[in-house]
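What follows is one structure encoded as structure tokens, with my remarks underneath.
The values are calculated or read from the model by the stated rules, or taken from the named source; none is laboratory data. All values derive from a computational prediction rather than experimental measurement. Cβ: placed from backbone, ideal geometry, glycine included. Neighbour counts: every protein chain shown. Note: areas computed on protein heavy atoms with side chains; ligands, DNA, RNA excluded. Shrake-Rupley method; radii C 1.70, N 1.55, O 1.52, S 1.80 Å.
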Amino acid sequence: MTEPEFKPWPKISRYNRDIVITEKIDGTNGAIHIVAVDPMESQDEWVGAGFVDGVLYAVGAQSRKRIVHLGDNHFGFAQWASENAQALVETLGEGTHFGEWWGRKIARAYDQTDRTFSLFNTSRWRMADTRLVPGLSVVPVLYEGPMSQNAINDAQHDLRLKGSSAAPGFMRPEGIVIYHTAANVMFKITLENDEVPKGKNA
């Protein structure tokens with residue numbers, strides 16, 4: 001008879017550590033893939049490519065559930081990535097970069113005439129110059145500092161009172177995302193029907 005497999009209890013993160021509160025934007029989740037490739041290989045499955053320092057990088061796009069191509073555009077996301085492939089490579093570099101694709105005719109639309117891809121990783125991108133890529137931004141940071149229920153409450157109150165930070169003047173923002181830095185986990189709070197599971201009607 002074999003002995004039981006040892007399974008350690010996971011390390012518990014300390015609750016009273018820094019958090020980052022960002023605005024939760026109501027659009028559609030997406031990501032940009034940037035990968036160094038051999039120029040002799042086909043890039044037919046990618047939406048675009050760009051050169052940096054003599055290295056060729058392929059650019060791909062995905063929705064929450066699948067890779068998207070130019071013929072399967074996902075609200076124009078693949079087309080946007082294709083048109084801005086070189087600038088995306090120069091600005092973001094190699095990796096998978098997650099964000100929200102939002103604006104015109106997507107979810108609550110925010111009274112926008114165009115669409116924007118807002119990056120989630122604020123610790124990496126908040127100080128970066130995203131202006132080289134039309135339609136690229138970073139989700140707004142509403143608070144950064146020690147864990148504080150007051151800060152969480154204030155962020156929600158300010159959105160209700162002042163409207164969206166991502167789209168100034170839009171008075172129906174979706175909510176907030178709380179990133180706990182020590183635990184490396186995120187929580188979301190929506191301003192409407194937060195108690196209702198996603199996909200359920202109130």
> Across the stretch 97-106, what is the total count of residues that are under 17 Å from GLY169 (Cα atoms) and surrounded by fewer than 21 Cβ atoms within 10 Å (Cβ to Cβ)?
Replying inline: 1
>> Residue under question is VAL35, and the condition is that it be outside any loop (DSSP other than H, G, I, E, B) and surrounded by fewer than 17 Cβ atoms within 10 Å (Cβ to Cβ); does it hold?
In response: yes
> Just one of ALA166, ALA109 is aliphatic (A, V, I, L, M), open to solvent by 20 Å² or more (accessible area, probe 1.4 Å) and in contact with a Pro (Cβ under 9 Å, 6 or more places away or on another chain); which is it?
Replying inline: ALA166
>> Tell me whether the stretch 142-163 contains one or more residues that are modelled with pLDDT under 95, open to solvent by less than 40 Å² (accessible area, probe 1.4 Å) and polar (S, T, N, Q).
In response: no
> Among all residue pairs at least 6 apart or on different chains, which show Cβ distances below 6 Å where the first residue, located in the stretch 9-35, is under 21 Å from SER63 (Cβ atoms) and modelled with pLDDT of 95 or more and the second is open to solvent by 40 Å² or more (accessible area, probe 1.4 Å) and basic (Lys, Arg)?
Replying inline: LYS24/LYS188; ASP26/ARG108; ASN29/ARG64
> Which pairs do you get when a residue that is of a type in the set (A, V, I, L, M) and part of a helix (DSSP H, G or I), found in the stretch 136-157, comes within reach of a residue that is crowded, with 16+ Cβ neighbours inside 10 Å and at pLDDT 95 or above, reach meaning Cβ atoms under 7 angstrom, with the pair 6+ apart or on two chains?
Replying inline: ALA151/ILE21; ALA151/TYR143; ILE152/ILE21; ILE152/ILE178; ALA155/ILE21; ALA155/LEU142; ALA155/TYR143; ALA155/ILE176
>> Name the residue that is farthest from the chain's Cα centre (by Cα), counting only residues in the stretch 76-114 that are part of a strand (DSSP E or B) and more than 16 Å from LYS24 (Cα to Cα).
In response: GLY95
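Yes or no, residue by residue, for (1) out of contact with any Ser or Thr (no Cβ under 9 Å at 6 or more places or on another chain); (2) within 21 Å of TRP101 (Cβ to Cβ); (3) among the acidic types (Asp, Glu):
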{"site": "HIS33", "(1), (2), (3)": "no, yes, no"}
{"site": "GLN43", "(1), (2), (3)": "yes, no, no"}
{"site": "GLY50", "(1), (2), (3)": "yes, yes, no"}
{"site": "GLY54", "(1), (2), (3)": "yes, no, no"}
{"site": "VAL59", "(1), (2), (3)": "no, yes, no"}
{"site": "GLY71", "(1), (2), (3)": "yes, yes, no"}
